[in-house]
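Since the structure comes first, as structure tokens, the remarks are kept for the end.
The values are calculated or read from the model by the stated rules, or taken from the named source; none is laboratory data. Note that the structure is a prediction, hence the values are computed from the model and not measured. Neighbour counts are summed over all protein chains in view; Cβ atoms, including those assigned to glycine, are modelled from backbone coordinates with ideal geometry.
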Amino acid sequence: MATAREIAAEEFSAVVTKHRPQIFRFLLSSTRDVDLAETLTQDCFLKAHRNWSSFRGESTAMTWLMRIAINLQKDHWRNRRMQFWRKTQTNAVELDEASDWLPSGERSVEQQMLAKERVEQVSKAVAGLSERQRTVFLLRYVEEQELSEIARATGLNEGTVKAHLSRALARVRAELGGKR
Amino acid sequence: MNFMEKIAKLADGKPEWDGQKLEPEPLEPNLFETLRDYRLSVHAWSDAEFTRSRRAFAYSSRRFAWRLAAGWALSCVLVAGSVSAGIWDHHRREAQATAAREALHEREVIEQRQQKQRQQAVSALQSMQTQQKQQVRSSDEELMASVDSDVSRQVPTAMEPLAQLMVDDGR
């Protein structure tokens with residue numbers, strides 16, 4: 001007969017399997033640093049494992065995990081010892097690396113080149129956003145979360161989330177518009 | 001209909017563009033399409049890195065075991081090498097010290113022998129000089145004696161009776 005601890009461990013294991021790629025993706029798109037994203041993902045699940053018993057299910061597990069990941073990322077950038085890494089970002093990819101992974105689909109070569117260029121512009125604009133704007137933007141347009149979910153994950157109210165999203169979009173529009 | 005389905009519809013060129021309801025503010029079709037491309041590229045990149053990091057972890061754990069073993073072996077070789085080098089150096093220094101001591105001892109022995117030989121030579125020379133002096137002195141005395149006898153024999157024969165008288169008188 002399985003004990004409560006074993007059941008909890010199984011549950012948590014299922015949560016890790018299901019949500020780990022998504023947490024990693026969010027951290028990777030936010031930091032643009034593979035090693036850092038991997039480290040923060042591990043820290044996120046370690047923290048989640050320690051606090052798994054206190055998770056009451058008021059929000060989805062994904063929202064809860066995303067909130068932990070956002071806080072860890074915030075702590076990371078605020079940590080003075082890491083300021084050097086923030087400046088150098090040795091493992092951070094060039095802005096156009098993400099665009100290299102753009103699926104070709106059924107586009108012509110010209111369309112593909114154009115799409116790649118526009119993705120690079122979006123990447124550049126996202127890199128220039130403030131931390132909060134970037135988080136909201138990525139949760140909305142990369143992780144496809146609803147505004148209410150974003151509000152719960154970031155601890156902001158929906159109005160603030162909308163305002164950040166609006167500013168982020170303005171920045172992206174400006175970047176895309178300026179390059180035309 | 002979720003966000004992805006709506007985007008898929010947009011990508012298919014269907015006219016149900018409903019940016020007003022979907023977004024907090026309306027998005028132009030071009031921007032919407034660009035954001036879709038951005039999301040797809042991030043997803044593809046993340047999937048590739050996620051898979052690669054897991055493969056790399058498995059590979060690196062195997063490599064780590066090999067590296068650990070190689071590290072231990074190398075450490076053992078280094079320790080053994082440094083110990084044997086130390087012992088060899090100690091032996092070499094000891095041999096050098098022994099050789100130096102022996103050379104010094106030999107030099108001292110040779111010097112003592114040479115000094116003894118010099119002393120013997122000096123003493124031999126001194127004894128030779130003494131002998132020579134004694135020989136010279138004895139030859140002088142013999143010469144004087146022969147001279148005396150010769151002189152005494154040179155008394156003329158005519159004076160012989162007078163000489164005998166002088167002997168008889170005791171003068």
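Of all residues in region A:140-172, which are acidic (Asp, Glu), under 15 Å from the mean Cα position of the chain (by Cα) and part of a helix (DSSP H, G or I)?
Matches in region A:140-172: A:GLU149 only.
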Requested in this report: Kindly indicate whether any position in region A:74-88 is at pLDDT below 75, among the hydroxyl-bearing types (Ser, Thr, Tyr) and farther than 23 Å from A:GLU149 by Cβ.
Outcome: yes
Query raised in the report: Can you find even one residue in region B:86-96 that is within 35 Å of the chain's Cα centre (by Cα) and either at pLDDT below 90 or of a type in the set (Gly, Ala, Ser) (or both)?
Result: yes
Query raised in the report: Yes or no: B:ASP140 within 14 Å of chain A (Cβ to nearest Cβ) and of a type in the set (Asp, Glu)?
Result: no
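Each row is one residue, and each column tells you yes or no for (1) part of a helix (DSSP H, G or I); (2) at pLDDT below 90; (3) within 14 Å of chain A (Cβ to nearest Cβ).
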position	(1), (2), (3)
B:ILE7	yes, yes, yes
B:GLU49	yes, yes, yes
B:ARG67	yes, yes, no
B:ALA80	yes, no, no
Requested in this report: Being surrounded by 19 or more Cβ atoms within 10 Å (Cβ to Cβ) and more than 11 Å from chain B (Cβ to nearest Cβ) is the filter; apply it to region A:150-167 and report the residue that is farthest from B:ASP37 (Cα to Cα).
Outcome: A:ARG152
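Considering only residues that are modelled with pLDDT under 90 and assigned to a helix (DSSP H, G or I), look in region A:32-48 and name the one that is surrounded by the fewest Cβ atoms within 10 Å (Cβ to Cβ). Spell out how you get there, then give the answer.
Going through region A:32-48, the residues modelled with pLDDT under 90 turn out to be A:32-36.
Okay, now just the ones that are also assigned to a helix (DSSP H, G or I), so A:34-36.
Working: A:VAL34: 22, A:ASP35: 13, A:LEU36: 22.
By that ranking, first place goes to A:ASP35.
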Report task. Among the residues of region A:118-137, write down those that are at the interface with chain B (Cβ under 8 Å from one of its Cβ atoms) and closer than 18 Å to A:MET62 by Cβ. Result -> none
